[in-house]
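Novice: This is the structure, below, for whatever I ask next.
Bear in mind that the values in this text are calculations on the coordinates, not laboratory data. Note that the structure is predicted; figures quoted are calculated from it, not measured. Please note: Cβ atoms are built from the backbone with ideal geometry, for glycine as well, and neighbour counts cover all protein chains shown.
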Amino acid sequence: MVSVVHAEVTDQPLQPESLLALVRRDAHGAEVLFVGTIRDHDGGRAVESLQYEIHPTASQVLTGLADEVAAAFPEVTLAVGHRFGEVPIGEAAFVVAAGSAHRGAAFASAAQLVETVKTRLPIWKRQTFADGTHEWVDSA
């Protein structure tokens, strides 16, 4: 059984519903969807724009991270996508979908994949604030 059905780093808009559809199975009684969306503020400051920069190996790393989590949850089907480049406020930047026969495994695998990607995917974000300043943040 293939546990990871999709792992992609892309400069195109993510479609959370499409990733969720990829993990849907008749045997699954639970589906979990995490959508990380670009917000208009951070640390009490208004965010005007956000851009993600990736390491050239980011796509392979994302696939490996998803495979690693799938190995810990063989009963779960996973799909994951992460944007790079300019991502407008309000759009999805990071999506994880998990499907399983039971909710516990679906929730746990999705949470583990989110945290694993946030700490280990080589991606950095540059936030530009309304006052014209910017900062680099090393997280997904």
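Novice: Could you tell me the calculated FRET efficiency between Q60 and E86, based on Cβ-Cβ distance and R0 = 35 angstrom, to the nearest 0.05? Provide the component values of the computation, followed by the final result.
Specialist: Values: r = 23 Å, r/R0 = 0.66.
Efficiency, rounded to the nearest 0.05: 0.90.
Novice: Also, quick follow-up: Run the simple label-point estimate for A27 and E53 please: 7 Å along Cα→C-beta, distance reported in nm.
Specialist: Result for the modelled spin labels: 4.4 nm.
Novice: For V4, enumerate residues with amide H under 5 Å from its amide H, sequence gap 5+ or separate chain, H modeled in the peptide plane.
Specialist: Distant-sequence amide H within range of V4: L78.
Novice: Additional query: Take the alpha-carbon centre of the range 1-49, take the same for the range 63-140, and report the distance between them in whole Å.
Specialist: 7 Å
Novice: Name the residue farthest towards the positive end of the dipole of the chain from the options P16, Q112, V95, assuming +1 on Cβ of Lys and Arg, -1 on Cβ of Asp and Glu, about the Cα centre.
Specialist: The Cα lying farthest towards the positive end belongs to Q112.
Novice: Please report, in debye to the nearest 20, how large the charge dipole of the chain is about its Cα centre when each Lys and Arg carries +1 at its beta carbon and each Asp and Glu carries -1 there. If you can, show how the numbers build up before the last one.
Specialist: Working: 10 positive and 18 negative charges, 56 e Å.
Its charge dipole is roughly 260 debye.
Novice: Given H placed 1.01 Å from N in the peptide plane, which residues other than close sequence neighbours of V9 have an amide H under 5 Å from its amide H?
Specialist: Correct list: H82.
Novice: Please give the helix 58-72 orientation as an angle from the longest Cα principal axis of the chain, in degrees from 0 to 90, rounded to the nearest 10.
Specialist: Approximately 40 degrees, to the nearest 10.
Novice: Another one. Could you list which residues have their amide H under 5 Å from that of H134, counting only those 5 or more apart in sequence or on another chain, with H placed in the peptide plane?
Specialist: HN-HN under 5 Å from H134: F129.
Novice: So how tilted is helix 103-120 from the main axis of the chain? Cα-based, degrees 0 to 90, rounded to 10.
Specialist: Approximately 40 degrees, to the nearest 10.
Novice: What's the extension gain from D11 to A72 if we count 0.36 nm per residue and subtract their Cα-Cα distance?
Specialist: Working: separation 61, 0.36 × 61 = 21.96 nm, distance 2.91 nm.
So the chain would gain 19.1 nm between D11 and A72.
Novice: Just one of (i) 1.01; (ii) 0.93; (iii) 1.03 is Rg/Rh (Cα atoms, Kirkwood Rh) as worked out from the coordinates here. Which one is it?
Specialist: (i)
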